[in-house]
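Down below is the structure, laid out as structure tokens.
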Amino acid sequence: TTRYSGDAGIKMSLWNKLLMSIKNLDARLLISEYITSDSKLLVNRNIIDRAKKIMPDLLYDEEPYLIISDEGKQIWVLDAYTVSNEYPYAQRTTINVGEDKKEINYIRNSVKVLIDPYNGTVDFYIMDKTDPVVMAYQNIYTNVFKDGDTIQKSVSSHFVYSEYLYNV
């Protein structure tokens, strides 16, 4: 099974050092004495891009926010939305998705994505178990989603209502 939150970086074997040196056109990656086999290279540093690569079926808020838990740990919070254009008996509307427009008739803020800025782990938490779309995703992608009830209170107490969803 794949655990997405634990696969935060690429282990830097000699082969990976060579490949990353070629990809980045930078020989320093290959010859540096500071990069060892225990080193990890975080390739996708943008937190929205990281979440999109793991779970591209969700729509992501473009404004993540940083919280600090009661234990002093920094955590990026990214709101994720389930959307559909085929939900029965629902009114259609058009939303802005980046530079594009998308026609939908269903949107819910059912997922919170928590990203650790130190090691890059990405965890998807289902916050609304009554959302049929996210529950279908959970059945399809069994190892991606976690129960939102397992989030520490020191973290969930900092959650805010999504301005994007409010504007929709």
Open item on the list: For segment 105-168, give me every one of the strands (runs of 3 or more DSSP E) that falls completely inside it and has 3 or more residues that are open to solvent by 30 Å² or more (accessible area, probe 1.4 Å) and either at negative phi or without any contact (Cβ under 8 Å) to a residue 12 or more places away in the chain (or both).
Closed with: 106-115
TODO: Mind listing whichever residues of segment 35-45 are open to solvent by 80 Å² or more (accessible area, probe 1.4 Å) and within 14 Å of the chain's Cα centre (by Cα)?
DONE: ARG45
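Could you please find all residues in segment 4-32 being assigned to a loop (DSSP other than H, G, I, E, B), open to solvent by 60 Å² or more (accessible area, probe 1.4 Å) and modelled with pLDDT under 80? Give the derivation first.
To start, the set of residues in segment 4-32 that are assigned to a loop (DSSP other than H, G, I, E, B) comprises 7-9, 12-13, 25-27, 32.
Pick out the ones that are also open to solvent by 60 Å² or more (accessible area, probe 1.4 Å) and you get 7, 25, 27.
Once the filter is applied, which keeps residues that are assigned to a loop (DSSP other than H, G, I, E, B), open to solvent by 60 Å² or more (accessible area, probe 1.4 Å) and modelled with pLDDT under 80, segment 4-32 yields only ASP7.
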- [ ] Could you please let me know if GLY98 is open to solvent by less than 30 Å² (accessible area, probe 1.4 Å) and at positive phi?
- [x] no
- [ ] List every residue pair whose Cβ atoms sit under 9 Å apart, with the two residues 6 or more apart in sequence or on different chains, where the first one lies in segment 36-63 and is over 22 Å from SER21 (Cα atoms) and the second, anywhere, is surrounded by fewer than 17 Cβ atoms within 10 Å (Cβ to Cβ) and hydroxyl-bearing (Ser, Thr, Tyr).
- [x] MET55/TYR141; ASP57/TYR141; ASP61/SER162; GLU63/SER162
Task: Any hit, segment 68-84, residues being surrounded by 12 or more Cβ atoms within 10 Å (Cβ to Cβ), in contact with a Leu (Cβ under 6 Å, 6 or more places away or on another chain) and outside any strand (DSSP E or B) - done: no
- [ ] Just name the residue that is nearest to the chain's Cα centre (by Cα) out of those in segment 46-67 that are farther than 26 Å from ALA136 by Cβ and open to solvent by less than 50 Å² (accessible area, probe 1.4 Å).
- [x] TYR65
Open item on the list: Taking the condition of being outside any helix (DSSP H, G or I) and either among the aliphatic types (A, V, I, L, M) or under 17 Å from VAL97 (Cα atoms) (or both), how many residues in segment 37-56 meet it?
Closed with: 5
- [ ] Could you tell me whether segment 91-112 includes any residue that is under 11 Å from the mean Cα position of the chain (by Cα) and within 18 Å of PHE159 (Cα to Cα)?
- [x] yes
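The values are calculated or read from the model by the stated rules, or taken from the named source; none is laboratory data. Bear in mind the structure is a predicted one, so any value in this text is a computation, not a measurement. Glycine also receives a Cβ, built like all others from the backbone with ideal geometry; neighbour counts cover every protein chain displayed. Areas reflect the complete protein model, heavy atoms only, side chains present, ligands, DNA and RNA absent. Shrake-Rupley method; radii C 1.70, N 1.55, O 1.52, S 1.80 Å.
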